[in-house]
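Here's the structure, in structure tokens; my notes come after.
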Amino acid sequence: MLKDNLTKVEENIVNACERAGRKREEVTLIAVSKTKPVEVLQEAYDLGIRVFGENKVQELVDKYEALPKDIQWHMIGHLQTNKVKYIIGKVEMIHSVDSLKLAQTIEKESAKKNCVTKILVEVNVAEEESKFGMHMEDVLPFVEKLSTFEHIQVCGLMTIAPFVENSEDNRKIFKNLHKLSVDIMGKNVDNRNEHVLSMGMTNDYEVAIEEGATMVRVGTGIFGVRNYF
Ligand SMILES: *Cc1c(COP(=O)(O)O)cnc(C)c1O
């Protein structure tokens, strides 16, 4: 099942890239493995997957310890400042930075470990009250502030789009995040030298790719429905 799902997702990504006139290499597939046991991740690893996304610190660290060291781990969930220290040096990127306090903690803990942590700024494009993330208009000043942080590299922007029946309904959200990214890049803020756009999940990653996503976070589409317990 896992193999078929991966084949299907890969095919969809290739087709979306083609429709958008983009190269397949421009898009990184993050396999969102939250709630799934280590054996299932190992199975995905054996099928060639090297990039995994997790949303809880303890779970990420446990899986990090248990699985091969050439895996790139992406922290995609809301992050509490008191837990930052557990993942610095282990994660490839933190997608969910949405406050100065969190950024300061990442800076401090990265300095302690003498490393630079890649981050994305999470943006609440749809302005949903239930969601984390910054308002669009606060992103540029925030990114400018972070440009003096020596142990943080701001790589781009991330959003979690609303749950919708029809993925077309989120196209506008993705367009808006892309536009914001282009605007900020135009400003040449110092340590903002990549342009990652992390957007699109199982229900809407194809539309997200058409609108410029460079990272898509796919869970259910790869691993099937999650069991919460
Ligand atoms: C769970 C999760 C995903 C994956 O969601 P699916 O709909 O299962 O693909 C993507 N991004 C974030 C931030 C998540 O928490």
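Of the candidates Val57, Val27, the single residue that is under 16 Å from Glu109 (Cβ atoms), among the aliphatic types (A, V, I, L, M), within 16 Å of the ligand (Cβ to nearest atom) and open to solvent by less than 40 Å² (accessible area, probe 1.4 Å) is Val57. Of everything in the stretch 71-98 that is touching a strand residue (DSSP E or B) at 6+ places or on another chain (Cβ under 9 Å) and free of Cβ contacts under 8 Å to residues at least 24 places away in the same chain, the residue that is nearest to the ligand (Cβ to nearest atom) is Met75. The criterion of at least 2 residues that are under 28 Å from Asp138 (Cβ atoms) is met by the following helices (runs of 4 or more DSSP H) wholly inside the stretch 1-117: 57-66, 84-87, 100-112.
If we scan the stretch 115-125, do we find a residue that is hydroxyl-bearing (Ser, Thr, Tyr) and open to solvent by less than 80 Å² (accessible area, probe 1.4 Å)? Yes, the stretch 115-125 contains a residue that is hydroxyl-bearing (Ser, Thr, Tyr) and open to solvent by less than 80 Å² (accessible area, probe 1.4 Å).
Being within 16 Å of the ligand (Cβ to nearest atom) and not hydroxyl-bearing (Ser, Thr, Tyr) is true for just one of Phe163, Phe149, Phe142. Which residue is that? Don't jump to the end; show me each part of the working.
Details: Phe149 fails: within 16 Å of the ligand (Cβ to nearest atom); Phe142 fails: within 16 Å of the ligand (Cβ to nearest atom).
Answer to the selection: Phe163.
Residues in the stretch 133-190 that are part of a helix (DSSP H, G or I), within 26 Å of Cys115 (Cα to Cα) and not hydrophobic (A, V, I, L, M, F, W, C): Pro141, Glu144, Lys145, Ser181.
Does Val57 satisfy being aliphatic (A, V, I, L, M) and under 16 Å from Gly219 (Cα atoms)?
Values: aliphatic (A, V, I, L, M): yes; under 16 Å from Gly219 (Cα atoms): no.
Judged against the criteria, Val57 is not a match.
With respect to the conditions (1) crowded, with 20+ Cβ neighbours inside 10 Å; (2) away from the ligand (no atom under 16 Å from the Cβ), Leu177 falls short on a single one, namely (2).
Looking across Ser130, Ser147, one residue alone is of a type in the set (Gly, Ala, Ser), surrounded by fewer than 19 Cβ atoms within 10 Å (Cβ to Cβ) and without any contact (Cβ under 8 Å) to a residue 24 or more places away in the chain. It is Ser130.
Taken over the stretch 180-223, the residue count meeting the criterion of being at pLDDT 95 or above and either within 16 Å of the ligand (Cβ to nearest atom) or on the phi > 0 side of the Ramachandran plot (or both) is 26.
For the stretch 34-73, which positions are over 21 Å from Thr117 (Cβ atoms) and of a type in the set (S, T, N, Q)? Spell out the reasoning first.
Start the filter on the stretch 34-73 by keeping residues that are over 21 Å from Thr117 (Cβ atoms), which leaves 35-49, 66, 68.
Those that are over 21 Å from Thr117 (Cβ atoms) and of a type in the set (S, T, N, Q): Thr35, Gln42.
The values are calculated or read from the model by the stated rules, or taken from the named source; none is laboratory data. These numbers were taken from a predicted model, which means no experiment stands behind them. Note that we place each Cβ from the backbone using ideal geometry, even for glycine, and neighbour counts take in every protein chain shown. Side chains included, ligands, DNA and RNA excluded: accessible areas come from the protein's heavy atoms. Shrake-Rupley method; radii C 1.70, N 1.55, O 1.52, S 1.80 Å.
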